[in-house]
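Working notes, beginning with the structure itself.
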Amino acid sequence: MDVSQAVKQRSSTRAYLDKALAESDVRDWLNAAQRAPSGGNLQPWRVIALAGDAKQAVIDLAAAKLSENPRGEPTDRPIYPKHITDAQKAHRFAVGEGMYAKLGIPREDKASRLMWFSRNFRFFDAPLAVFFILDERVGHGQWAHTGMFMQTLALLAEERGWGTCMQECWGVLRPSLKAHFGLNEHEMVYCGMSVGYPDKDAVVNSLYTERADLAEFAELRGF
Ligand SMILES: Cc1cc2nc3c(=O)[nH]c(=O)nc-3n(C[C@H](O)[C@H](O)[C@H](O)COP(=O)(O)O)c2cc1C
């Protein structure tokens, strides 16, 4: 598979086949992504990859914590900033509505939407869950570079016939995950990622999100 194809076909996978990934394949995949660039080659990321009982323990933790408080735990690093532009709001609205339209869940049916969203906290039944760990003392650059690592993983997953869904929703459980993983005092969970073979028959996986036109995001000068 060439890179253009991997970029084009990658989309968030939110339903998976019940088919395990071999540990050796996961190691190979993580190693391959380690070629991702980072400023000063800091390689600021650390990952925790979970399968089987280790993954189930995190699902159980999430179920327990979210039953105490469905909003999760406070974080000073919310998923979205206070200010997002109107165009960004429109994109966000469109992706949510697009997904629930595929699933046939109307806006008024908040309970079903919430129920569906809670599948995030089961990794959408993916066989592999990956958590990205950052040292809280890093700067904005290192957060961005960790994103490059994540996207490299997502593209390498396509080549392997796997699908991925990045999951920042796990940020609502940062204190509990920190304790659960035994992170050091400076470390934090940034984001999760579900990984596995996509269920191609699942309607949710047919969502292919829109992107802004070139004219909206790019300015070409001097040509
Ligand atoms: C860092 C990051 C975090 C994300 N967190 C979630 C999440 O918690 N749950 C979810 O269903 N999708 C999540 N997404 C998926 C985005 O909604 C998705 O990438 C976007 O709508 C574009 O769709 P596509 O990935 O299918 O191209 C996340 C994406 C990124 C890059």
| request: Could you rank the peptides 78-91, 30-43, 114-127, 55-68 by their average count of other C-beta atoms within 10 Å per residue, with the highest value first? | output: 114-127, 55-68, 30-43, 78-91
| message | Can you compute 3J(HN,Hα) from phi for each residue in the stretch 76-89, using the Karplus curve 6.51 cos²θ - 1.76 cosθ + 1.60 with θ = phi - 60°, rounded to whole Hz and x for Gly and Pro? | response | 8, 10, x, 4, 10, x, 4, 9, 10, 6, 4, 5, 5, 4
| field | Amide H contacts under 5 Å for Cys191, placed H, 5+ residues apart | value | Phe132
| said: Please compute the Kirkwood hydrodynamic radius of the stretch 25-67 from all pairs of different C-alpha atoms, in Å with one decimal. | reply: 12.8
| field | Debye, to nearest 20: dipole size of the stretch 36-86, +1 on Lys, Arg Cβ, -1 on Asp, Glu Cβ | value | 140
| field | the stretch 93-108 and the stretch 1-80: distance between their alpha carbon centers, rounded to Å | value | 24
| message | Placing +1 on the Cβ of each Lys and Arg and -1 on the Cβ of each Asp and Glu in the chain, which of Val3, Phe117, Pro81 has its Cα farthest towards the positive end of the resulting dipole? | response | Pro81
| query | Can you list the HN-Hα couplings for the stretch 13-25, worked out from phi with the Karplus curve (6.51, -1.76, 1.60; θ = phi - 60°), rounded to whole Hz and with x for Gly and Pro? | reply | 9, 10, 7, 10, 7, 7, 9, 5, 9, 5, 4, 5, 5
| message | Suppose every Lys and Arg Cβ carries +1 and every Asp and Glu Cβ carries -1, with no other charges. What dipole size does the chain come out with about its Cα centre, to the nearest 20 debye? | response | 260
| Dipole in debye (nearest 20) - the stretch 125-213, about Cα centre, beta carbon charges: Lys, Arg +1; Asp, Glu -1 | 160
| Which of Leu183, Val172, Gly141 sits closest to the plus end of the dipole of the stretch 105-213, meaning its Cα is farthest towards the positive end, when Lys and Arg get +1 and Asp and Glu get -1 on the C-beta? | Val172
| note | For Leu17, other-chain or 5+-apart residues with amide H closer than 5 Å (H placed, Pro excluded) are Tyr197, Asp199
| request: Give the share of C-alpha pairs in each 5 angstrom bin for the stretch 166-223, from 0 to the last occupied bin, in whole percents, shortest bins first. | output: 4, 13, 13, 12, 11, 12, 14, 12, 7, 3, 1
| request: As a check on your grasp of the helix formula, calculate [θ] at 222 nm for the chain: sum -39500 (n - 2.57) over DSSP H runs of n ≥ 4, divide by the residue count, round to the nearest 500. | output: -13000 deg cm²/dmol
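Bear in mind these aren't lab numbers, they're just calculated from the coordinates by the rules spelled out. Since we're looking at a predicted model, the values are computed, not measured. Every residue, glycine as well, gets a Cβ built from its backbone with ideal geometry; the counts of neighbours run over all protein chains shown.
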